[in-house]
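Here's the structure we're looking at; comments come further down.
Each reported figure results from applying straightforward, stated rules to the coordinates on display, with no laboratory input. Note that this is a predicted model, so its numbers are computed, not measured. Cβ: placed from backbone, ideal geometry, glycine included. Neighbour counts: every protein chain shown.
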Amino acid sequence: MEDPELLLIPGPVTVSPEVLQALAQPVRAHYGAEWTQLHDRVRTAVGRIWRTTGDVFLLFGPGSAGMEMAMASTLGPGDEVLVPGMGFFADRIVEIARGIGLRPIHVRPDGYVPISAEAVERELRAHPDVRAVVWVHHETDLGMLNPAREVAATARRHGTLAILDAVSSLGGVELEMDAWGVDICVAVGNKVLGGPVGIAPVAVGERGWEAVDDGRPKAAGWYLNLKTWRSYVERMGDWHPHPTTMPTNVMVALETAVRQLLEEGQEGRMKRQAAAAMRVREGLRELGFKMLVDDEAASPVCTAVLALPNMDVRDYMSWLLHEHRLHISGGLGPLTGKIFRVGHMGAGAEPEVVDRYLRATADYVQKGAG
């Protein structure tokens with residue numbers, strides 16, 4: 001039997017044996033006292049990781065669904081939203097905003113550099129009708145972190161909502177939702193948290209609820225609507241605290257993953273991932289590679305690497321997968337064929353896996369393949 005591939009991509013991750021075992025349990029019902037207790041334990045644990053006392057909802061869907069829920073529940077057709085950022089997922093936010101009838105103002109930095117609070121300040125002064133700032137904390141397609149604390153503070157000074165995409169940062173990067181003034185935050189369970197695909201936690205603070213309940217028309221329908229989810233907690237919270245059938249096995253596995261993170265300690269998890277990122281960047285530089293973004297802006301969760309001259313990125317990725325069972329990612333959009341990306345979550349944060357990856361890459365470079 002062929003060895004399973006190890007995922008060194010920016011998510012999903014190769015889950016731990018304990019998480020995999022939890023995922024393989026018999027399917028259970030998605031309602032009742034026992035289920036509700038499990039569901040609430042996961043909500044509470046994720047809230048601890050977020051550093052929030054706000055409400056946490058465990059949306060069945062991807063991170064993009066969570067972002068649509070956040071914007072559609074608080075904003076209405078024609079509302080202006082400021083989307084600062086360079087990258088594939090900043091572009092995704094713009095697409096979602098247009099799709100639900102909002103008017104996004106997209107501000108791109110010059111080059112592959114983080115957004116700045118100063119640029120957000122200028123745009124908010126120039127566009128006083130903006131009702132929300134929506135941005136990505138960690139752009140996985142660039143391996144780059146954007147400031148969360150500073151941008152949220154700027155949004156608050158202007159009385160605008162701060163909606164943060166923490167899909168690939170929650171648990172792996174410093175993030176204090178309440179202390180920093182983030183009003184709505186979205187994540188997923190299948191990246192740093194170490195769970196399987198299927199759950200997108202959405203956290204809502206006091207100002208987020210004020211926007212939901214301000215009486216203005218909203219873009220939301222029924223499912224991706226925070227009012228819908230809140231109503232089920234209020235009316236059926238002791239039996240069925242969500243509006244639809246949930247992937248129960250995924251929830252059981254996510255509880256195991258979150259418990260493992262909390263037992264390890266978030267600081268410990270962050271340090272381990274950061275060490276893996278540094279080792280990958282150093283090892284690849286020794287082989288002649290250059291990074292896409294400067295170290296000061298680099299993410300400890302994912303590294304984007306410029307291909308060597310005349311290097312066939314697709315051939316390299318295929319060779320790693322078939323010869324070494326290591327699965328890395330390529331570039332997205334205009335960076336397709338120009339970069340590759342290495343994730344430092346899950347198995348990608350294990351020192352022996354990092355060394356295995358670097359040895360394989362050295363072999364590839366020395367053989368002059370591609």
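Summing Lys and Arg as +1 and Asp and Glu as -1 over all other residues whose Cβ lies under 10 Å from the Cβ of S329 gives a net charge of 0.
Taking square-rooted eigenvalues a ≥ b ≥ c of the alpha carbon gyration tensor, is the chain rounded, prolate or oblate, where a/c under 1.5 means rounded and, failing that, a/b exceeding b/c means prolate? Oblate, since a/c reaches 1.5 and b/c is not below a/b.
Using the Cβ atoms and a cut-off under 15 Å, what net charge is assigned to the surroundings of A253, where Lys and Arg are +1 and Asp and Glu are -1? Cβ neighbours under 15 Å give a net charge of +2. Looking only at the stretch 1-26, which residues have a backbone nitrogen under 13 Å from a spot 7 Å from the Cα of R325 in the C-beta direction? Within reach of a label on R325, which here means backbone N under 13 Å from a point 7 Å along Cα→Cβ, the stretch 1-26 contributes 1-7. When you restrict to C-alpha pairs under 8 Å that are six or more residues apart and normalise by the size of the stretch 89-167, the relative contact order lands at 32 percent. Which residues in the stretch 250-294 have a backbone N closer than 14 Å to a point placed 7 Å from the Cα of R51 along the Cα-to-Cβ line? Under cut-off, by backbone N: 266-268, 270. Since only V212, G171, T361 are under comparison, the one whose Cα sits farthest along the positive direction of the charge dipole of the chain, derived from C-beta charges on Lys, Arg, Asp and Glu, is V212. Of interest is the spacing of the C-alpha centroids, which for the stretch 316-370 and the stretch 112-171 amounts to 31 Å. Rounded to 0.05, the FRET efficiency of the H106 and E263 pair, given R0 = 35 Å and the Cβ-Cβ distance, is 0.30.
Just report the Cα centroid separation between the stretch 7-49 and the stretch 214-289, whole Å. Cα centroid of the stretch 7-49 versus Cα centroid of the stretch 214-289: 10 Å apart. Annotation: extensible slack from T244 through D214 equals 8.2 nm (criterion: 0.36 nm per residue apart, minus Cα-Cα distance). Modelled this way, with points 7 Å down the Cα-to-C-beta line, the labels at R41 and Q21 are 1.5 nm from one another. Rounded, prolate or oblate: which fits the stretch 30-144 when a ≥ b ≥ c are the square roots of the eigenvalues of the alpha-carbon gyration tensor, with rounded for a/c under 1.5 and prolate only if a/b beats b/c? Judged from the Cα gyration tensor, the stretch 30-144 comes out prolate (a/c at least 1.5, a/b above b/c).
For the chain, the membrane-span-like helices by this rule, meaning whole DSSP H stretches whose C-alpha atoms cover at least 18 Å of axis and whose Kyte-Doolittle mean is 0.0 or above, are 248-264; this says nothing about an actual membrane. Net charge near R48: determine it from the other residues with C-beta under 12 Å of the C-beta of R48, scoring Lys and Arg +1 and Asp and Glu -1. Local charge sum for R48: +2.
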